[in-house]
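Below you'll find the structure, written out as structure tokens, and then a few comments.
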Amino acid sequence: MRRAGRQVGRCQFEIATLEYADWFNTRRLHSELGDIPPIEHETNHYRENASTSTVETREPSLHRSRRCAILKIANRHRTSTAGH
């Protein structure tokens, strides 16, 4: 039995899910945060609550480096399938 509608491959589904998660976690406007994106709220929070007792590192946080890796994979996939 086939479902009606467009067939989406597993890879396309994974990319769409990652893109949605990126949008939801970083760029959507959140009413509980004053209609600003969560990433902007997080940046403001750390700027306002900078602690002198925290250890400064040169390494990016795991959260940000993971998100960048996911976006690079999504962009690579998008460019490789653009001609098809």
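The values are calculated or read from the model by the stated rules, or taken from the named source; none is laboratory data. Given the structure is predicted, the values throughout are model-derived calculations rather than measurements. Here the Cβ positions follow ideal geometry from the backbone for every residue, glycine too, while neighbour counts run over all protein chains shown.
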task: Find all pairs meeting these conditions: Cβ atoms under 7 angstrom apart; at least six residues apart or on different chains; first residue within segment 15-41 and in a loop (DSSP other than H, G, I, E, B); second residue among the hydroxyl-bearing types (Ser, Thr, Tyr) and surrounded by 11 or more Cβ atoms within 10 Å (Cβ to Cβ).
output: PRO37/THR26
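So that you can scan it fast, the table gives a plain yes or no per residue for (1) surrounded by fewer than 10 Cβ atoms within 10 Å (Cβ to Cβ); (2) at pLDDT below 70; (3) on the phi > 0 side of the Ramachandran plot:
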| residue | (1), (2), (3) |
| --- | --- |
| THR26 | no, no, no |
| GLY34 | no, no, yes |
| ILE39 | no, no, no |
| ASN49 | yes, no, no |
| ARG58 | yes, yes, no |
| ARG64 | no, yes, no |
| ALA69 | no, yes, no |
| HIS77 | no, yes, no |
